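What follows is one structure encoded as structure tokens, with my remarks underneath.
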Amino acid sequence: MSTISPRGIRRMLQSAYPQGEASALARIVCCEMLGQAATDYYLGKDITLSAKSEKDLHDILHRLLRFEPVQYVQGEAVFLGRRFKVTPDVLIPRPETGELVELILDECPPAHSVLDVGTGSGCIAISLSCAWPSAGVEAWDVSEAALRVARANSAALGARVCFRQCDVLAPLFSVEPRFDLIVSNPPYITCAERKEMERNVLDWEPSGALFVSDDDPLRFYSRIASLGMSLLRPGGRLYFEINRAYGPQTADVLRRCGYAGVSLRRDLSGNDRFVSGYLP
């Protein structure tokens with residue numbers, strides 16, 4: 001048996017992280033991963049470690065000091081109150097994506113059929129399925145590894161989602177109008193924006209789910225909007241999460257395709273983040 005204090009864990013993490021971030025990570029390590037009571041953590045009480053928990057702590061700190069996101073270290077992330085399994089095969093769900101789901105639930109009547117393009121962990125599709133239990137929800141992703149994670153999340157959370165491996169940029173396949181709602185949070189960060197990003201994102205999260213080329217930053221939006229004209233039933237709605245640098249341009253993509261009621265909305269931080277429209 002050995003002991004370690006929360007202060008000792010914070011001090012180790014401060015060698016790689018700013019003080020505030022190191023403190024937040026230390027609380028997660030102590031309370032969520034080592035099981036220390038919150039009151040004991042804030043009182044600074046030592047944690048008694050078994051041989052196994054000492055080994056676990058060594059592994060946790062080693063991974064965090066290599067800037068691996070704490071969600072991957074924990075193996076899960078909270079999204080709209082639910083715990084989703086996450087691995088480096090999928091993006092860690094962001095609060096803005098939660099805002100997108102809430103926007104849809106606030107604006108749309110329960111849909112009979114939903115398509116989530118680029119599902120990743122499945123957080124959007126699963127959240128909508130849980131909110132609308134009678135809806136038929138389908139989710140596509142090009143990555144089979146991501147789909148394995150999404151399927152596990154769907155089963156664990158009791159959702160009913162049909163997952164399909166699909167490259168939305170591939171040549172047109174046979175489609176028919178069958179969805180009331182299409183939603184997508186596609187890759188939208190340009191390669192030029194890499195220099196502004198943190199190591200824990202660049203080194204660990206799947207680049208294919210993050211980045212698009214600088215010379216065609218709206219390629220996924222153009223493709224999905226075009227496909228939506230065939231896949232949506234009349235009156236069906238399309239919702240996107242977008243790059244804040246391309247708000248008006250993304251809205252124009254929908255208008256040029258023929259969508260009506262095109263709307264550009266901001267997230268809680270005041271950034272252009274969501275574009276929507278409907279099929280006339």
What list of ³J(HN,Hα) couplings, whole Hz, do you get for the range 245-257 from phi and the Karplus terms 6.51, -1.76, 1.60, once you set θ to phi - 60° and write x for glycine and proline?
-> 6, 10, x, x, 5, 5, 4, 5, 4, 5, 4, 5, 6
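Taking only protein heavy atoms into account and a 1.4 Å probe, give the accessible area per residue of the chain in Å². Could the numbers behind the result be given before it?
Working: 13490 Å² over 280 residues.
Ligands and nucleic acids excluded, the figure is 48 Å² per residue.
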Given a Förster distance of 22 Å, the FRET efficiency implied by the Cβ-Cβ spacing of Asp56 and Val201, rounded to the nearest 0.05, works out to 0.30
Pull up all non-local amide H partners of Thr119: gap of 5 or more, or a different chain, and H-to-H distance under 5 Å with H placed in the peptide plane.
-> Trp140, Asp141
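Roughly how many percent of the accessible protein surface of the range 17-70 is carbon and sulfur, given a 1.4 Å probe and a whole-percent answer? Could the numbers behind the result be given before it?
Values: 1640 of 3030 Å².
Carbon plus sulfur share of accessible area: 54 percent.
Could you order Tyr278, Tyr42, Tyr221 so the one with the most accessible surface comes first? Probe is 1.4 Å. Intermediate values should be presented prior to the final figure.
Working: Tyr278 100, Tyr42 160, Tyr221 0 Å².
Correct descending sequence by accessible area is Tyr42, Tyr278, Tyr221.
Report Rg(Cα)/(2.2 N^0.38 Å) for the chain, keeping two decimals. The partial results should precede the final answer.
Details: Rg = 20.9 Å, N = 280, 2.2 N^0.38 = 18.7 Å.
Taking N as the residue count of the chain, the ratio is 1.12.
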Environment charge of Arg66, counting only residues whose C-beta is closer than 12 Å and scoring Lys/Arg +1, Asp/Glu -1 | -1
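Roughly speaking, what is the stretch gain from Ala170 to Met1, that is 0.36 nm per residue apart minus the C-alpha to C-alpha distance, in nm to one decimal?
Details: separation 169, 0.36 × 169 = 60.84 nm, distance 5.69 nm.
Answer, rounded to one decimal: 55.1 nm.
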Find which of Val73, Val29, Met229 sits farthest along the positive direction of the dipole of the chain, computed with +1 on the beta-carbon of Lys and Arg, -1 on that of Asp and Glu, about the Cα centre.
-> Val29
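On a 1.4 Å probe surface of the protein chains, which of Glu76, Glu32 comes out largest in accessible area, and what is the full order? Walk me through the numbers before you get to the answer.
Working: Glu76 60, Glu32 95 Å².
From most accessible down to least: Glu32, Glu76.
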Row for the range 152-249, column shape: gyration tensor on C-alpha, a ≥ b ≥ c, rounded if a/c < 1.5 i.e. under 1.5, prolate if a/b over b/c, else oblate; value oblate
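Rank these by accessible area, largest first, 1.4 Å probe: Tyr188, Tyr239. Before the final figure, lay out the partial values.
Values: Tyr188 35, Tyr239 5 Å².
Largest accessible area first, the list is Tyr188, Tyr239.
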Hey, what angle do you get for helix 144-157 against the long axis of the chain, alpha-carbon based, 0 to 90 degrees rounded to 10?
-> 80 degrees
Rounded to whole Hz and in sequence order, give me ³J(HN,Hα) for the range 130-136 from the Karplus expression 6.51 cos²θ - 1.76 cosθ + 1.60, θ = phi - 60°, writing x for Gly and Pro.
-> 5, 6, 10, x, 8, 6, x
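Could you please report the charge total around Ala37, scoring K, R as +1 and D, E as -1 over all other residues with beta-carbon less than 14 angstrom from its beta-carbon? Intermediate results must be reported in sequence, preceding the final value.
Numbers: positive: Arg27, Lys45; negative: Glu32, Asp40, Asp46.
Spelling it out: positives minus negatives among the neighbours equals -1.
The values are calculated or read from the model by the stated rules, or taken from the named source; none is laboratory data. All figures in this text were calculated on a predicted structure; none of them were measured in a lab. Quick reminder, even Gly has a Cβ in these numbers, built from the backbone with ideal geometry, and neighbours come from all protein chains shown. Accessible surface areas use protein heavy atoms only, side chains included; no ligands, DNA or RNA. Shrake-Rupley method; radii C 1.70, N 1.55, O 1.52, S 1.80 Å.
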